[in-house]
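Everything on this sheet refers to the single structure shown next.
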Amino acid sequence: MNVTPPEPPYGVIGLGLVGGSLARALARSLPEARLVVVEPDPSARAAALRDRISKDALEAPGPLLSECNLIFLCVPTTELPGLLPQLAPHLRPDAILADVLPVKASVERMVAEALPDARFVGCHPLVGGRDPTGWSRSRPDLFVGRPVALCPRDGQESLAAGVGTVWAALGARPVVLPAEEHDRIVAATNHAPYLTALGLARVAAATPGAERLVGRGLEEALRLAGSAPEILATAVAANPFAPAVIRVLADELVRLADLAENDPAGFEAAAAEAREARARLAPE
């Protein structure tokens, strides 16, 4: 396939952790590319100008976006219904629209309803659960070595390939797949860990005296529970595959508890299998 990357200027709407890091990464990796940023927070806009990330920082979508060939939506899912109509007058017919949200099928439908003629590629950079608010926590190397899912509409695979070249220039590893397949996979790899962290936080907090004996293991296990609910909780609620996966996980926890209680040798074998699975999924 002959891949043609979209030419600058680029637009980034939303300067939280992911959007801010994306703007910083674009400015560092593609220093000649003009970048238009949109952010309602005046302090974040001022910081983007001060840090020379962009010379064009808007409070809301405006005419400058009509010059952009690629625009990234980096806002919570709950903001999309209000944002997309604002964007419509400023979206060029040949521009590519992308997002960075952690669930894809529902966002694809939302964009199709609001902007039926838009050339859209859903994106999801898997950079780990963190507090998404705040320009101050953004950094240009956030995507280096991390997979980024690219989910084009049917017949628009070439658009995904072009957007993938931009992500690759930022150090990310593009993975192209349908939106529904993405949601099925991340239900296990992204959303189930978040739900597990939520449940563990609630159970541990309900244990009297727990705060006196918190070790590194619990700190690491609870990391995702610190994610802003408007990002991950909203994504989980919008992913129809997530409830089934967490129920399978609940059954597995019950099985492991039974083994620990009644069959120590079987429990040790199950732990060894899990250790091998971890090595395959997340090699160090």
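The values are calculated or read from the model by the stated rules, or taken from the named source; none is laboratory data. Source: prediction; values computed, not measured. Just so you know, the surface numbers come from the protein's heavy atoms only, side chains and all, with ligands and any DNA or RNA stripped out. Shrake-Rupley method; radii C 1.70, N 1.55, O 1.52, S 1.80 Å.
So here's what we get for this one:
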{"quantity": "For the range 83-195: rounded, prolate or oblate by the Cα gyration tensor [a/c cutoff 1.5]", "calculated": "rounded"}
{"quantity": "Span-like helix ranges in the chain, DSSP H, alpha carbon extent 20 angstrom or more, Kyte mean at least 0.5", "calculated": "242-262"}
{"quantity": "³J(HN,Hα), Karplus 6.51/-1.76/1.60, whole Hz, each residue of the range 54-62, x for Gly, Pro", "calculated": "8, 9, 10, 10, 9, 6, 8, x, x"}
{"quantity": "Residue-normalised accessible area of the chain, expressed per residue, 1.4 Å probe, Å²", "calculated": "52 Å²"}
{"quantity": "The range 195-256 shape via C-alpha gyration tensor axes, a/c threshold 1.5", "calculated": "oblate"}
{"quantity": "Separation of alpha-carbon centers, the range 250-279 and the range 164-191, rounded to whole Å", "calculated": "30 Å"}
{"quantity": "The chain, relative contact order in percent, only Cα pairs under 8 angstrom and at least six apart counted", "calculated": "17 percent"}
{"quantity": "Shape category assigned to the range 1-144 from the gyration tensor of Cα positions, a/c cut at 1.5", "calculated": "rounded"}
{"quantity": "Relative contact order of the range 41-165, pairs being alpha-carbon contacts under 8 Å that are 6 or more residues apart, as %", "calculated": "20 percent"}
{"quantity": "Solvent-accessible area, 1.4 Å probe, carbon plus sulfur percent, for the chain", "calculated": "56 percent"}
